[in-house]
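To keep things clear, I will list the structure first and then write my remarks on it.
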Amino acid sequence: MCKKRRKPRMIVYNIPDEITMDNVADIICEQNPELPLKTGDITTKFITKNKRNARNLVIEVDTQTYRVMKQNKLKMAWTICQSEDYIAVTRCFKCSRFNHYARDCRSEETCPVCTGHHKMEDCKATINEHRCINCTIYNKFNQNKKVSEAHTALDRKCPSMQAMIEKYRQNIAY
């Protein structure tokens with residue numbers, strides 16, 4: 001049985017304020033006539049704001065549209081916007097492990113900083129005491145290839161996080 005692959009998602013940075021969830025596909029197609037895009041090729045997922053209050057748009061596209069958009073910048077309401085792959089790994093805020101949410105978690109509370117059984121707000125670990133729960137579990141089951149555990153579960157460079165991102169990429173129809 002062949003598992004169906006996910007459609008690629010892209011994040012478009014610094015979109016103008018006049019762009020809404022309803023008009024974004026039309027605006028991208030109208031203002032980028034040199035790109036062979038159709039309104040139905042783009043599905044708007046959500047709009048976020050970053051720390052600087054800039055608005056970013058996450059869209060889902062088919063494989064052909066992804067290839068076209070990956071090679072070009074997008075014009076949107078007098079602004080040229082950068083885009084790139086959007087890959088978000090699901091992580092539990094209760095046990096700090098991957099692929100589930102806290103509301104569905106059956107594990108005990110685990111601090112993402114030191115792997116102790118307390119909330120992150122109550123953690124008193126120093127930088128030398130940082131420990132990643134995901135890498136600890138990986139090392140427990142993979143005796144022949146150990147990874148460093150000396151980081152938090154929130155670290156973007158975490159080997160376990162990078163492995164999850166790579167696994168996610170393999171499941172996308174690029």
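The values are calculated or read from the model by the stated rules, or taken from the named source; none is laboratory data. Note that the coordinates shown come from a computational prediction; the quantities given were computed from them, not determined experimentally. Here the Cβ positions follow ideal geometry from the backbone for every residue, glycine too, while neighbour counts run over all protein chains shown.
The residue list Cys95, Cys114 contains one member that is at pLDDT 95 or above and either among the aromatic types (Phe, Trp, Tyr) or more than 24 Å from Tyr168 (Cβ to Cβ) (or both), which is Cys114. Does segment 159-169 contain any residue that is assigned to a loop (DSSP other than H, G, I, E, B) and either on the phi < 0 side of the Ramachandran plot or in contact with a Leu (Cβ under 8 Å, 6 or more places away or on another chain) (or both)? The answer is no, given that none of the residues of segment 159-169 is assigned to a loop (DSSP other than H, G, I, E, B) and either on the phi < 0 side of the Ramachandran plot or in contact with a Leu (Cβ under 8 Å, 6 or more places away or on another chain) (or both). Does segment 5-13 include one or more residues that are among the basic types (Lys, Arg), in a loop (DSSP other than H, G, I, E, B), within 21 Å of the chain's Cα centre (by Cα) and closer than 18 Å to Arg169 by Cα? Yes: one or more hits.
Look at segment 19-52 and say how many of its residues are surrounded by fewer than 17 Cβ atoms within 10 Å (Cβ to Cβ), under 25 Å from the mean Cα position of the chain (by Cα) and either closer than 14 Å to Met69 by Cα or among the basic types (Lys, Arg) (or both). Going through segment 19-52 one residue at a time, the tally reaches 6. So is Asn134 of a type outside the set (Phe, Trp, Tyr), at pLDDT 95 or above, farther than 21 Å from Asp26 by Cβ and touching a Lys or Arg at 6+ places or on another chain (Cβ under 8 Å) or not? Here the answer is yes, as Asn134 does meet what is asked. The residues on offer are Met161, Met76, and the sole one that is in the same structural domain as Gln31 (by TED's automatic domain parsing) and either more than 30 Å from Cys29 (Cβ to Cβ) or buried (at least 19 other Cβ atoms within 10 Å of the Cβ) (or both) is Met76. Looking across Thr110, Thr152, Thr126, Thr115, one residue alone is of a type in the set (Ser, Thr, Tyr) and surrounded by fewer than 18 Cβ atoms within 10 Å (Cβ to Cβ). It is Thr126. Looking at segment 132-153, is at least one residue hydroxyl-bearing (Ser, Thr, Tyr), in a loop (DSSP other than H, G, I, E, B) and free of Cβ contacts under 8 Å to residues at least 60 places away in the same chain? The answer is yes; a qualifying residue exists. Can you tell me which of (1) within 28 Å of Ser160 (Cβ to Cβ); (2) under 19 Å from the mean Cα position of the chain (by Cα) is the one Thr63 doesn't meet? Looking at each condition in turn, Thr63 falls short on (1).
Please state which one of Thr126, Thr65, Thr90 is of a type in the set (Ser, Thr, Tyr), free of Cβ contacts under 8 Å to residues at least 60 places away in the same chain and touching a His at 6+ places or on another chain (Cβ under 9 Å). Write out each step before concluding.
Values: Thr126 fails: touching a His at 6+ places or on another chain (Cβ under 9 Å); Thr65 fails: touching a His at 6+ places or on another chain (Cβ under 9 Å).
That would be Thr90, the only listed residue that is of a type in the set (Ser, Thr, Tyr), free of Cβ contacts under 8 Å to residues at least 60 places away in the same chain and touching a His at 6+ places or on another chain (Cβ under 9 Å).
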